[in-house]
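In what follows, a single structure is set out as structure tokens and then discussed.
Values in this text are rule-based calculations from the coordinates and carry no lab data. Quick caveat: nothing in here was measured; it's all calculated off a predicted structure. Cβ: placed from backbone, ideal geometry, glycine included. Neighbour counts: every protein chain shown.
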């Protein structure tokens with residue numbers, strides 16, 4: 001229930017939710033050097049595929065939570081491609 005409140009989804013809006021789920025893009029990038037729990041939680045986002053969302057979960061080798069976003073400054077990075085919608 002907390003997550004529904006966090007997303008500001010009211011009871012009435014809940015019925016409209018399926019109207020945009022096919023356009024929803026969810027991405028989670030986690031470093032492989034993270035604690036196992038972070039890597040596990042990253043995989044949990046795959047549940048959104050079941051409601052029609054476009055989901056990408058990625059485990060980046062040799063990275064952790066402090067440097068996993070470093071590729072956003074490289075023009076040829078898969079992470080940047082995802083955020084720009086080229087993937």
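Here are some notes:
- The radius of gyration of the Cα set in the stretch 19-83, together with its Dmax, comes out at 12.7, 39 angstrom.
- Extension gain, residue 66 to residue 44: 0.36 nm times the residue separation minus the Cα-Cα distance gives 5.8 nm.
- Distance in nm between pseudo-label sites at residue 84 and residue 24 (7 Å out along the Cβ direction from Cα): 2.7
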